[in-house]
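Below: one structure, written as structure tokens.
None of the figures in this text is laboratory data; all of them are computed from the coordinates on show. Computed from a predicted model, the values in this text were never measured in an experiment. Cβ atoms come from the backbone with ideal geometry, glycine included; neighbour counts cover every protein chain shown.
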Amino acid sequence: MTISKTRLFGALSALLLSSMVVRAADMMPMTPAMPMAAPVKAAVVLLIPTAGNSVTGTVRFTQIDGGVRVVADVSGLKQGVHGFHIHEFGDITAADGMSAGGHLNPGHAKHGAPDAAERHEGDLGNLTADANGHATLNYIDTVITLNGPTSIIGRGVVVHADADDLKSQPVGNAGKRVATGVIGVAKS
Ligand SMILES: [Cu+2]
Ligand SMILES: [Zn+2]
């Protein structure tokens with residue numbers, strides 16, 4: 001009788017303990033508690049010339065319904081068409097801009113035009129400079145985003161010496177890098 005009572009008590013204790021362990025585990029959050037950052041609504045880039053060039057400018061990215069508005073204002077270009085991309089890295093330390101890496105391409109897609117069915121996330125197309133070497137661009141991009149795992153924040157922007165033909169793989173044959181910049185969070 002005493003033995004069986006002890007056994008019963010032991011079994012009940014074990015059951016109670018195990019249920020408490022399960023409950024404690026249930027209450028553990030799935031991910032560590034982190035302060036929630038507000039979504040990024042705008043970003044800005046200051047373009048700095050690579051060695052031997054004098055291309056400068058700014059690019060602004062603003063999150064709107066249905067996409068991101070891209071507004072670029074670039075000076076010091078040769079008249080004509082120049083490839084314009086978001087590259088993988090916001091590392092603009094190399095004098096020739098090569099530290100920015102290749103095109104931002106989290107979806108492992110082929111290079112293409114900004115409005116193509118298949119493109120790199122970073123494929124923003126071209127800038128067209130006038131006789132004064134000044135180029136502006138203002139359009140809504142439906143692929144890039146300022147938030148989430150494919151956010152462009154912290155990535156690089158590159159302006160090229162030549163035109164992006166929007167089809168040659170992997171980078172549109174746009175030639176050397178004449179200006180680079182890093183995409184940073186902006187107030188608006
Ligand atoms: Cu590029
Ligand atoms: Zn590309």
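Listing for the model above:
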item	result
Sorted by Cβ neighbour density within 10 Å, fewest at the top, the residues His87, His134	His134, His87
Relative exposure of Asp141, Asp73, judged by other C-beta atoms within 10 Å (fewest first)	Asp73, Asp141
Gyration tensor (alpha-carbon) shape descriptor, segment 42-185, a/c threshold 1.5	rounded
Residues Ile64, Ile144 arranged by fewest to most Cβ contacts within 10 Å	Ile64, Ile144
Paramagnetic reach from Ala38 in segment 165-188 [backbone N under 11 Å; point 7 Å along Cα→Cβ]	187-188
